[in-house]
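> Below you will find the structure I want to go over with you.
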Amino acid sequence: MISQHTRTLKCLLIIGAFTILSKGVLADGDPGSFLKFSTDFDAKCVVRGGVMIYISNTHSTGKIKVLLERWYMDNRTADRGRSVLMPGAEPEALGCSLVSKGKQEWKVLKSEWVK
């Protein structure tokens, strides 16, 4: 026969597991599918003929750690960026789309869920 203490412990473990899952700690799916690049006008970029590039996390509860590489004029640079993107946070500014009349962009190298 199972003791009351054992039943209580099992219930607490089950409730804890559901709580963790509902908080997004163990978010499901590919974290990269929840990353969104966007652009907006920013004075320092507009004077160069470009726009500001942003990245954000569109997941409702999961935090995403992302590793980005910078490309300039269609060539990969040695620059890397790391960020932890929080759900519901403002998009993170990466930089202007044009620098010294050359196209600048970022690509995702790796993304993973953060516990």
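The values are calculated or read from the model by the stated rules, or taken from the named source; none is laboratory data. What you see is a predicted model; the values in this text were computed from it and never measured. Cβ placement follows ideal geometry from the backbone for every residue including glycine, while neighbour counts extend to all protein chains displayed. Only protein heavy atoms, including side chains, enter the accessible area calculation; ligands, DNA and RNA are left aside. Shrake-Rupley method; radii C 1.70, N 1.55, O 1.52, S 1.80 Å.
> Check whether at least one residue in the range 8-27 is among the small types (Gly, Ala, Ser), open to solvent by 60 Å² or more (accessible area, probe 1.4 Å) and modelled with pLDDT under 90, and report yes or no.
Taking the range 8-27 as the starting set, the residues that turn out to be among the small types (Gly, Ala, Ser) are 16-17, 22, 24, 27.
With the extra rule that they be open to solvent by 60 Å² or more (accessible area, probe 1.4 Å), the set shrinks to 22.
Remaining after also requiring modelled with pLDDT under 90: 22.
Within the range 8-27, one or more residues are among the small types (Gly, Ala, Ser), open to solvent by 60 Å² or more (accessible area, probe 1.4 Å) and modelled with pLDDT under 90.
> For the range 57-78, which positions are of a type in the set (S, T, N, Q) and over 14 Å from the mean Cα position of the chain (by Cα)? Please lay out each step first, then the result.
First, pick out the residues of the range 57-78 that are of a type in the set (S, T, N, Q): 57-58, 60-61, 75, 77.
Those that are of a type in the set (S, T, N, Q) and over 14 Å from the mean Cα position of the chain (by Cα): 75, 77.
> Kindly evaluate residue 39 against the criterion of being modelled with pLDDT of 95 or more, β-branched (Val, Ile, Thr), in contact with a strand residue (DSSP E or B) (Cβ under 7 Å, 6 or more places away or on another chain) and closer than 18 Å to residue 98 by Cβ. Give the steps one after another, and end with the answer.
Numbers: modelled with pLDDT of 95 or more: yes; β-branched (Val, Ile, Thr): yes; in contact with a strand residue (DSSP E or B) (Cβ under 7 Å, 6 or more places away or on another chain): yes; closer than 18 Å to residue 98 by Cβ: yes.
Here the answer is yes, as residue 39 does meet what is asked.
> Shifting gears a bit: Inside the range 36-48, can you point out the residues that are part of a loop (DSSP other than H, G, I, E, B) and farther than 15 Å from residue 92 by Cα? Let's see the steps before the verdict.
Restricting attention to the range 36-48, the residues satisfying the condition of being part of a loop (DSSP other than H, G, I, E, B) are 41-42, 47-48.
The answer is 47, 48.
> Here's something else I'd like to know. Pick from the range 41-56 the residues that are closer than 22 Å to residue 31 by Cβ and among the β-branched types (Val, Ile, Thr): which of them is nearest to the chain's Cα centre (by Cα)? Before the answer, list the steps.
Restricting attention to the range 41-56, the residues satisfying the condition of being closer than 22 Å to residue 31 by Cβ are 53-56.
Going one step further and asking which of them are among the β-branched types (Val, Ile, Thr), we end up with 53, 55.
Values: 53: 14, 55: 7 Å.
Step by step, filter the range 41-56, then rank; the result is 55.
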